[in-house]
Amino acid sequence: MKEQTAMNRFRLEDIVRPNIAELKPYSSARNEYSGQDAIYFDANENPFNRPYNRYPDPLHTELKKKISVLKSIGVDQIFAGNGSDEAIDLLIRAFCIPGKDQIIVPEPSYGMYEVCASVNDIMVQKVLLKSDFSLNTEDVLRSAGQYTKLLFICSPNNPTGNSFNENDVLLIVKKFKGLVVIDEAYIDFAPHTGFLKHLHSYPNMVILQTLSKAWGMAGIRLGFAFAEKRIIALLNKIKYPYNISGLTQRKALALLDRMVEKEMWIRSILSQKEWLQKSLGQFSFVKKIYPSDANFFLIKVNNPDAIYSFLESEKLIVRNRSKMPLCDGCLRITVGTEVENKMLINRLKEYHEHY
């Protein structure tokens, strides 16, 4: 009964911006006619240089159908964006009134939540993770106020690499009055399936996923938001008409058939991550290697600036995260190919011997 009462506190109409709720969206030529094999005189397109002369499907119908099958979720619960970053920005624009509302972001976490909020003049309430990088659920819920509309949770988290406890996240979802946005960019590398299975139970849950990581498609810029269909309708209402290019849609449709190859890449990355972590453990300058459910991990080292500069001089680029909260002395390392990882370890051996 308590759980039901908590869920009843969420009403979408209470948190959407009034002007967005009343907005009449732009209607493009391809919104008004979506048939096939027609001769088009409606969109002021150049009749030459096919197929690139035509505007793409603004609602990405075929792409969403394929994702619907892969994820076992309704087409009307899928938003496709220019990477997950577009969905992050649109969620803030749809629900947060500039100069008035706020979002909550656990810290440390992915930096684009704060950037998108700042661009939209939305205050960011940061809540520090615990020392073991787990969620401080009490502080998160305590930080929510009258004008708190969104809460972003990245799991597995970037830059820490750990997944958050499922019960902790669901407790927050049940008690938070706004939208809880769970960013699962790295979910394919985790030993669990994430939160998509819970989506039907929580109308205030939004899940972000991307083709940039496990699918190896960062260059085509394509991400997804999964949510209750009214939330998806709002995002479609305010997005740019042709936000996903025809090239991106066609390439994604082709690459999404390569499931066997994707699974092979994941197995290779996870195997190499284990080897890389074990190999790094031999160096005295490595003080700690943090557990990770992603395709990267943090290591705590002596003199991170010097190690970063040395590797940079060798054209081996890691990420220096030592200035982030709770990440003092930490470098973030993305797992590469076997050859690349061996190069990294060999150069670190040189550093170890000479410095």
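Reported count of residues in region 210-221, each being touching a Ser or Thr at 6+ places or on another chain (Cβ under 7 Å) and in contact (Cβ under 8 Å) with a residue 24 or more places away in the chain, is 3. All conditions in (1) outside the structural domain of S212 (by TED's automatic domain parsing); (2) within 22 Å of the chain's Cα centre (by Cα); (3) in contact (Cβ under 8 Å) with a residue 60 or more places away in the chain hold for F283, with the sole exception of (2).
Taking region 318-351 as the range and being of a type in the set (A, V, I, L, M), in contact with a helix residue (DSSP H, G or I) (Cβ under 7 Å, 6 or more places away or on another chain) and in a loop (DSSP other than H, G, I, E, B) as the test, the residues that pass are V318, V335.
Among the helices (runs of 4 or more DSSP H) confined wholly to region 228-316, which include 3 or more residues that are of a type in the set (D, E, K, R)?
Details: elements: 229-238, 246-255, 259-280, 304-313.
Qualifying helices (runs of 4 or more DSSP H): 229-238, 259-280.
Restricting to region 1-22, count the residues that are part of a loop (DSSP other than H, G, I, E, B) and modelled with pLDDT under 95. Show your work before the answer.
First, pick out the residues of region 1-22 that are part of a loop (DSSP other than H, G, I, E, B): 1, 9-11, 16-17.
Then drop every residue that is not modelled with pLDDT under 95, which leaves 1, 9-11.
So the count comes out to 4.
Checked across region 97-117, the condition of being among the small types (G, A, S), over 30 Å from K251 (Cβ atoms) and buried (at least 16 other Cβ atoms within 10 Å of the Cβ) holds for at least one residue.
Whether any residue in region 82-92 is touching a Phe, Trp or Tyr at 6+ places or on another chain (Cβ under 6 Å), surrounded by 12 or more Cβ atoms within 10 Å (Cβ to Cβ) and in a loop (DSSP other than H, G, I, E, B) is what I want to check. Among the residues of region 82-92, not one is touching a Phe, Trp or Tyr at 6+ places or on another chain (Cβ under 6 Å), surrounded by 12 or more Cβ atoms within 10 Å (Cβ to Cβ) and in a loop (DSSP other than H, G, I, E, B), which makes the answer no.
The values are calculated or read from the model by the stated rules, or taken from the named source; none is laboratory data. These numbers were taken from a predicted model, which means no experiment stands behind them. Because the Cβ atoms are built from the backbone with ideal geometry, glycine has one as well, and the counts that use them run over all protein chains shown.
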